[in-house]
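Chemist: Input: one structure, supplied below.
The values are calculated or read from the model by the stated rules, or taken from the named source; none is laboratory data. None of these values were measured; they are calculated from a predicted model. Cβ sites come from the backbone with ideal geometry, for glycine too, and all protein chains shown count toward neighbours. Please note that ligands, DNA and RNA were not included when accessible areas were found on the heavy atoms of the full protein model with its side chains. Shrake-Rupley method; radii C 1.70, N 1.55, O 1.52, S 1.80 Å.
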Amino acid sequence: ALTAGGVTANLVAVDDGVAAAGGGTLTDACEALPAGSLAGSIALVDRGLCAFTVKVKNAQTAGAVGVIVANNTDGVILMGG
């Protein structure tokens, strides 16, 4: 749950180890992340081939307290989910 004070934590670039064909990156969080690897951190992920809900769930399962999605390609991000 968020409070009026917000969230403060270290920012960590995610590395899911898989750069899927068709535009995926190592940092898109489309693959499961090791348990605890983001404990207490804010995850920095690229937009990519999977849904934003998948990225956030993978980061959350790895212990992240927040997620920032970077627009690493041309165009506007239309987030949903």
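Chemist: Counting only heavy atoms of protein chains, what accessible area per residue, in Å², does the chain have with a probe of 1.4 Å?
Modeler: Accessible surface, normalised per residue, equals 60 Å².
Chemist: Which of GLY22, GLY40, GLY63 moves the most in a Gaussian network model of the chain with Cα springs under 10 Å?
Modeler: Result for the chain, Cα springs under 10 Å: GLY22 fluctuates most.
Chemist: So if each residue of separation counts as 0.36 nm, and I subtract the Cα-Cα distance between ALA32 and ILE68, what length gain in nm does that give?
Modeler: 11.3 nm
Chemist: For the chain, give the percent of accessible area contributed by carbon and sulfur heavy atoms, probe 1.4 Å, rounded to a whole number.
Modeler: Ligands and nucleic acids excluded, carbon and sulfur reach 58 percent.
Chemist: Could you give the dipole magnitude of the chain about its Cα centre, charging the beta-carbon of Lys and Arg +1 and that of Asp and Glu -1, in debye to the nearest 20?
Modeler: 220
Chemist: Go through region 13-27 residue by residue and turn each phi into a ³J(HN,Hα) via Karplus (6.51, -1.76, 1.60, θ = phi - 60°); whole Hz please, and just put x for glycine and proline.
Modeler: Listing the rounded values in order: 6, 6, 9, 8, x, 9, 9, 4, 4, x, x, x, 10, 5, 10 Hz.
Chemist: Taking N as the number of residues in the chain, what is its alpha-carbon radius of gyration divided by 2.2 N^0.38 Å?
Modeler: In units of the globular-protein estimate, the chain measures up at 1.06.
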